[in-house]
Amino acid sequence: MLSIKNIHANVEGKEILKGINLEIKAGEVHAIMGPNGSGKSTLASVLAGREQYEVTAGEVSFLDKDLLELSPEDRAREGLFLAFQYPVEIPGVSTTNFIKAAVNEKRKYHGLEPLDSVSFLKIMKEKMKLVEIDQSLLSRSINEGFSGGEKKRNEIFQMAMLEPKLAILDETDSGLDIDALRIVANGINKLHSPERAVLVITHYQRLLDYIQPDYVHVLYNGRIVKSGTKELALELEEKGYDFITEGVDLNA
Amino acid sequence: MKEKQGPLEQAVSNDYKYGFVTDIDTDTIAKGLNEDVIRLISHKKNEPEWMLEWRLKAYAYWLKMVEPDWANVKYPIIDYQDIIYYAAPKPKKQLNSLDEVDPELLSTFEKLGISLSEQKRLTGVAVDVVMDSVSIATSFKEQLAEIGVIFCSISEAIQLHPELVRKHLGSVVPMTDNYFAALNSAVFTDGSFCYIPKGVRCPMELSTYFRINTENAGQFERTLIVAEDESYVSYLEGCTAPMRDENQLHAAVVELIAMEKAEIKYSTVQNWYPGDKEGKGGIYNFVTKRGICKGDHSKISWTQVETGSAITWKYPSVILKGDYSIGEFYSVAFTNNHQQADTGTKMMHLGKNTRSRIVAKGISAGHSQNSYRGLVRASKQAINARNYSQCDSLLLGDKCGAHTFPYIEVKNKTAIVEHEATTSKIGEDQLFYCRQRGIDPEAAVALIVNGFAKEVMNQLPMEFAIEAQKLLTISMEGSVG
């Protein structure tokens, strides 16, 4: 589904990603872990198409399309979803209207009629249960005055509404208390299916107590320095990142 | 030098879709202004002697006045002798019904989305249409007359209701008020007149549509609305003009009078030609709008959505004379390319327990400059006067400017005046967030801007809120779909 080959990327002239390779197949859950500043969020931004990030080498194919050729909105319409680490506030735009615009843009792209209000509300009601989100939150301006937990839940709710092929969760666990973490993780698990893939980006292992990854990769200094199964995450938790990073030659 | 356009710049580069010219015979007089021109205008309109004298008096004042230069706008010196002061579509015969209107004119207004014939049948909106210097048609006149509401062109009102016009004209905006008001008083050609008798709640929206068509012509419209005790009226004006390289002058005066317990709601959707992307051409929109809450418990509410004009200079104001009277001002001013807007309001609290509320939203894009200028004054007698002002600016890009000039004069210890102001930028973050959800940059900017302007848009009459929202969106779109 997603094939990343030797991606190099700069931010403000500084090379952050120094050759990333990664294969994700439908139905798989991958976790990318790594210390602060290793390039985790940069990878998420590059995949989503944020313009400040300049890809200098490498290629990415997504569902057999050249991902890097697509605009950010077309990537989204093709089924790539990014749950933001810091969801953005848009005053005066209700969450409901925002999601409706997003859903219908995607439908239009795929040659479908826009959803009418009745069918939209019906789907919304179903998905609300998944992430235990309150109706009142959805009529408020998107993310404005939301608590940290509400913002993250809203991200997962949008993911549920948009039904992406590939969901990238950028530090979705950061700033969540244990209850919110459980709700968010449950939401992700319920959406997981053999057709969909999930890429979880996280600093800590604790989200992986709730979401079972098939593969765990350690990102360090712009490269994936180690890949393994869930056990790798547990090892990291126990020993810290040092046990991996000590042996890595920074200049290689 | 060609600048690289980011998604934001592309999203706000617009095309003006009302810029066509109607090819129609026009009765125009020679350029220039002097007493004879004023006599000619008055003669062409078959006016009574008192009206001509009033005009000449205003002209004499105007000659002694100087053009104001305090607004935060820049433009070359206007040559007042290079303007045509009267232009009227021909043939101008007396029309008995809308069916007799020149088809070319009807199709002009069809193109503008103002279907006179359809309006007549389908919607509950009465329309007066003014092209250049004259009113072409007014719909629903008879139906309104049955309940005593007078809705006609000001020219017609001078003929048919001279006592009402004479009593109120210039009573809110005196001819000596300012440079442009004096000029308007001397040369005004047409506009609308509305009179709502005591106790009548006007059952439909009244609306005037202004169109400048003739090259080099100025439009000097005059609107007068009188709401007697316990009456209510909602009035809306819209305006467009062809695209021309020369700047054209539009200097209007609007006066509102609300008697005891009367309410006037006045909405404007201003879409004069704004000039091209380099700032060439466009309308100079120098307008004096003022209402007086004359009676106790009366209310005047101004709502404006300003997207057009090269330069906007207007401050719809309310004189709160009656006790417990209420003044409101809701404004969205959108400027793009090289447009300049200096707009705001004046709330003059004279009566006891008067209240006013100001919500001004400025949106600037391109190289435009957008200023809010507002005065809140509470006089000695204005016991317990209250004002709340909120001014928010939204910047699209980094080459535009937003400015706020609030003036507060309080001469009464019991008065409470509150002012809040914010400035924000459409961030790349907001834009990217929308795009990541599949919303393209144009739609994203429209979504963000409409969200920002929502509080004001909600004040518009239902029929026009959607139109205004579309207009705001179109003004920003890179391509009009």
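The values are calculated or read from the model by the stated rules, or taken from the named source; none is laboratory data. This one's a predicted model, so the numbers in the text were calculated from it and none came from an experiment. No Cβ is skipped: glycine too gets one built from the backbone with ideal geometry, and neighbour counts run over all protein chains shown.
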Exercise. Restrict the check to segment A:22-45 and report whether at least one residue is over 26 Å from A:GLY149 (Cα atoms), within 17 Å of the chain's Cα centre (by Cα), without any contact (Cβ under 8 Å) to a residue 24 or more places away in the chain and part of a strand (DSSP E or B).
Key: yes
Quiz item: Got a number for residues in segment A:74-97 being assigned to a helix (DSSP H, G or I) and more than 7 Å from chain B (Cβ to nearest Cβ)?
Solution: 6
Quiz item: Before we move on, is A:ILE133 crowded, with 18+ Cβ neighbours inside 10 Å, more than 14 Å from chain B (Cβ to nearest Cβ) and of a type in the set (A, V, I, L, M, F, W, C)?
Solution: yes
Self-check item: Boolean, B:LYS261 is surrounded by fewer than 23 Cβ atoms within 10 Å (Cβ to Cβ), assigned to a loop (DSSP other than H, G, I, E, B) and modelled with pLDDT under 90
Solution: no
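Kindly indicate whether A:LEU43 is under 12 Å from A:ILE168 (Cβ atoms) and of a type outside the set (Phe, Trp, Tyr).
So A:LEU43 fits the description; yes.
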Quiz item: Could you say which residue among B:ASP429, B:ASP392 is modelled with pLDDT of 85 or more, within 14 Å of chain A (Cβ to nearest Cβ) and surrounded by fewer than 18 Cβ atoms within 10 Å (Cβ to Cβ)?
Solution: B:ASP429
Exercise. Hey, can you tell me all the residues within segment B:285-344 that are at pLDDT 90 or above, of a type in the set (Gly, Ala, Ser) and more than 17 Å from B:PHE180 (Cβ to Cβ)?
Key: B:GLY291, B:GLY295, B:SER298, B:SER301, B:GLY322, B:SER325, B:GLY327, B:SER331
Exercise. Determine whether segment B:196-207 contains at least one residue that is modelled with pLDDT under 85, under 20 Å from B:THR303 (Cβ atoms) and touching a Lys or Arg at 6+ places or on another chain (Cβ under 7 Å).
Key: no
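To keep it simple, each residue is scored yes or no on (1) closer than 25 Å to B:TYR372 by Cβ; (2) touching an Asp or Glu at 6+ places or on another chain (Cβ under 6 Å); (3) part of a loop (DSSP other than H, G, I, E, B).
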{"residue": "B:LEU52", "(1), (2), (3)": "no, no, no"}
{"residue": "B:ARG55", "(1), (2), (3)": "no, no, no"}
{"residue": "B:ALA58", "(1), (2), (3)": "no, no, no"}
{"residue": "B:TYR61", "(1), (2), (3)": "no, no, no"}
{"residue": "B:GLU67", "(1), (2), (3)": "yes, no, yes"}
{"residue": "B:VAL73", "(1), (2), (3)": "yes, yes, yes"}
{"residue": "B:GLN81", "(1), (2), (3)": "no, no, no"}
Quiz item: Of (1) touching a helix residue (DSSP H, G or I) at 6+ places or on another chain (Cβ under 6 Å); (2) under 15 Å from B:TYR266 (Cα atoms); (3) surrounded by fewer than 19 Cβ atoms within 10 Å (Cβ to Cβ), B:THR176 satisfies all except one. Which?
Solution: (2)
Quiz prompt | Test set (1) under 15 Å from A:MET161 (Cβ atoms); (2) without any contact (Cβ under 8 Å) to a residue 40 or more places away in the chain; (3) of a type in the set (A, V, I, L, M, F, W, C); (4) part of a helix (DSSP H, G or I) - A:LEU115 fails condition number | solution = (4)
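Residue-wise test of (1) of a type outside the set (D, E, K, R); (2) within 14 Å of another protein chain (Cβ to nearest Cβ); (3) surrounded by fewer than 18 Cβ atoms within 10 Å (Cβ to Cβ); (4) farther than 30 Å from B:LEU394 by Cα.
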| position | (1), (2), (3), (4) |
| --- | --- |
| A:GLU59 | no, no, yes, yes |
| A:LEU70 | yes, yes, yes, no |
| A:TYR109 | yes, yes, yes, yes |
| A:VAL118 | yes, no, yes, yes |
| A:MET124 | yes, no, no, yes |
Quiz prompt | Evaluation of B:LYS411 against (1) surrounded by 17 or more Cβ atoms within 10 Å (Cβ to Cβ); (2) more than 8 Å from chain A (Cβ to nearest Cβ) (one fails), failing number | solution = (1)
Exercise. Would you mention how many residues in segment B:432-448 are at the interface with chain A (Cβ under 9 Å from one of its Cβ atoms), assigned to a helix (DSSP H, G or I) and not basic (Lys, Arg)?
Key: 9
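What tally of residues in segment B:179-212 results from selecting those that are part of a loop (DSSP other than H, G, I, E, B), touching a helix residue (DSSP H, G or I) at 6+ places or on another chain (Cβ under 8 Å) and closer than 18 Å to B:ILE29 by Cα?
Residues of segment B:179-212 part of a loop (DSSP other than H, G, I, E, B): B:188-189, B:191, B:197-200, B:202-204, B:212.
Still in the running and touching a helix residue (DSSP H, G or I) at 6+ places or on another chain (Cβ under 8 Å): B:188-189, B:191, B:202, B:204.
Still in the list and also closer than 18 Å to B:ILE29 by Cα: B:188-189.
Qualifying residue count for the region: 2.
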Self-check item: From the options A:MET159, A:MET124, A:MET128, residue that is touching a residue at least 12 places away in the same chain (Cβ under 8 Å), assigned to a helix (DSSP H, G or I), closer than 21 Å to B:ASP429 by Cα and of a type in the set (A, V, I, L, M)
Solution: A:MET159
